[in-house]
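Visitor: Got a structure for you, questions after.
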Amino acid sequence: MEYIRNTTDFHIAPETVVSLGKFDGIHRGHGYLLEYLEEKKRTGLKTVIFTFDIPPKRQIGIGKEEKVLTTNEEKVRLFDQYGIDYLVECPFTKELMHMEPEDFIEMIVRRLNIKSLVVGKDFHFGKNRRGDHRMLERFADTYGYEVEVVDKIQEEGRDISSTFIREEISAGRVAHANELLGYRYFVQGIVVHGNEIGRTLNVPTANLIPEEDKLLPPFGVYVTKTTVFDKDGQVYGGITNVGCKPTIEGVNPVGVETHLFGFDDQIYGARIKVEFLDMVRPEQKFHSLEELKEQMLKDIQYGEKYYTNITKITEIC
């Protein structure tokens, strides 16, 4: 996949099918939309995702600032897995912010050589969000493209959306959020040095400091699945603590700290992905490190049993 970013002067020569949007989370609803791109790809068109480098609402100060389900780096990995040919991550400049929707259509059609557009019914663009799928349809003959408007898919009588998933993760219902996503919610990054309390307790952990705008589930302990990319993509079950280590004295940054089952190697500087399977318990403060270790061993026992059962079910399926 070609990743185009940090420029408003983007151009793609081959004829394309393009989908536009924020794509936060790249959930099952987005997956339904991406299936339409795959169909068009079989006709010879190159597939393009066009998005902005930050959520536009944050730039223009509309509504509250929200944490993201997927960072830009995580989006790149997900879209690459979907087989997208081009990801255009356009800077959301003041010029674009105030661009009339008709001018926006002309710009992207010309620069991306668009022959087909695939959008959701709630897609809006241009100054004051005046542009929508109806406007795209009105200009289709003028600029020589076709438009596919994709309906929302629902679960429990509600549209599957980034907002719905964000609510579930924020409430600690990560298993349900995973169902809505169509994959396990994850955090990825580089393993950094911690205070090595886990190793002191003979329960070594791999520590990540997540990006500031990444949405994390509530502080607590989770059963997780971790991929170590620098170890040929090896996968390990584990338990992960999300939080500030309240038992440890001092001010501790919010971290994602994972104990990998059956693994005791040094992986500082390695890139890993931690996928959340289910919540074990909320974060709590213990009276001593010995009490903390006792609880960690219980968490590990629970997590190993949970992960083994999940693995068996996956093998059967």
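Visitor: Given the C-alpha atoms of segment 1-115, compute the convex hull and give its volume per residue in Å³. Don't jump to the answer; show the numbers that get you there.
Guide: Numbers: hull volume 12.2 nm³, N = 115.
Measuring per residue, one finds 106 Å³ for the Cα hull of segment 1-115.
Visitor: With r defined as the distance between the Cβ atoms of Ala140 and Glu212 and R0 fixed at 45 Å, what FRET efficiency is calculated, to the nearest 0.05? Walk me through the intermediate numbers first.
Guide: On the way: r = 41 Å, r/R0 = 0.90.
So, using R0 = 45 Å, E works out to roughly 0.65.
Visitor: Quote the convex hull volume per residue of the chain, based on C-alpha atoms, as a whole number of Å³.
Guide: Values: hull volume 48.9 nm³, N = 317.
Considering the Cα atoms of the chain, their hull volume per residue is 154 Å³.
Visitor: Can you tell me the length gained on complete extension of the stretch Phe229 to Leu289, counting 0.36 nm per residue apart and subtracting the Cα distance? Mind dumping the intermediate values first?
Guide: On the way: separation 60, 0.36 × 60 = 21.60 nm, distance 3.17 nm.
Here the answer is 18.4 nm.
Visitor: Then there's this: For every other residue with a beta carbon closer than 9 angstrom to the beta carbon of Val221, add +1 if it is Lys or Arg and -1 if Asp or Glu, then tell me the sum.
Guide: -1
Visitor: Still on this structure, I have one more. Can you pull the percent of segment 152-301's accessible area that's carbon plus sulfur, 1.4 Å probe, other chains left in place?
Guide: Exposed carbon and sulfur together represent 49 percent of the surface.
Visitor: Can you bin segment 198-244 into rounded, prolate or oblate? Criterion: square roots of the alpha carbon gyration tensor eigenvalues sorted a ≥ b ≥ c, rounded for a/c under 1.5, prolate for a/b above b/c, oblate for the rest. Mind showing how you got there, number by number?
Guide: Values: a/c = 1.72, a/b = 1.16, b/c = 1.47.
Because a/c hits 1.5 or more and a/b fails to exceed b/c, segment 198-244 counts as oblate.
Visitor: Let me ask something additional. Cross-link candidates for Lys152: which aspartates and glutamates have Cα within less than 12 Å, leaving aside residues fewer than 8 places away along the same chain?
Guide: Asp122
Visitor: Run the reach check for Lys305 against aspartates and glutamates, Cα to Cα strictly under 19 Å, same-chain hits fewer than 8 apart removed. What comes back?
Guide: By straight Cα distance, Lys305 reaches Glu275, Asp278, Glu294, Glu315.
Visitor: While we're here: So what's the back-of-envelope 222 nm ellipticity for the chain, counting only DSSP H runs of four-plus at -39500 (n - 2.57) apiece and dividing by all residues, rounded to 500?
Guide: Working: 11 runs with 104 residues, N = 317.
For the chain, the value works out to -9500 deg cm²/dmol.
Visitor: Of the cross-linked pairs Lys94/Lys214; Lys121/Lys225; Lys40/Lys231; Lys115/Lys214; Lys40/Lys214, which ones have a Cα-Cα span greater than 31 Å in the structure shown? Please report the intermediate quantities before stating the final value.
Guide: Values: Lys94/Lys214 25 Å; Lys121/Lys225 35 Å; Lys40/Lys231 37 Å; Lys115/Lys214 35 Å; Lys40/Lys214 33 Å.
Checking Cα-Cα distances, Lys121/Lys225; Lys40/Lys231; Lys115/Lys214; Lys40/Lys214 exceed 31 Å.
Visitor: Subtract the Cα-Cα distance of Asp9 and Glu167 from 0.36 nm times their separation in residues, and report this length gain in nm to one decimal. All intermediate terms of the calculation are to be shown ahead of the outcome.
Guide: Working: separation 158, 0.36 × 158 = 56.88 nm, distance 3.64 nm.
Difference between extended and current length: 53.2 nm.
The values are calculated or read from the model by the stated rules, or taken from the named source; none is laboratory data. Fair warning: this is a prediction, and the values are worked out from it, not measured in the lab. Positions of Cβ are generated from backbone atoms using ideal geometry, with glycine treated the same way; all protein chains shown enter the neighbour counts. All accessible areas refer to the heavy atoms of the entire protein, side chains included, with ligands and DNA or RNA removed. Shrake-Rupley method; radii C 1.70, N 1.55, O 1.52, S 1.80 Å.
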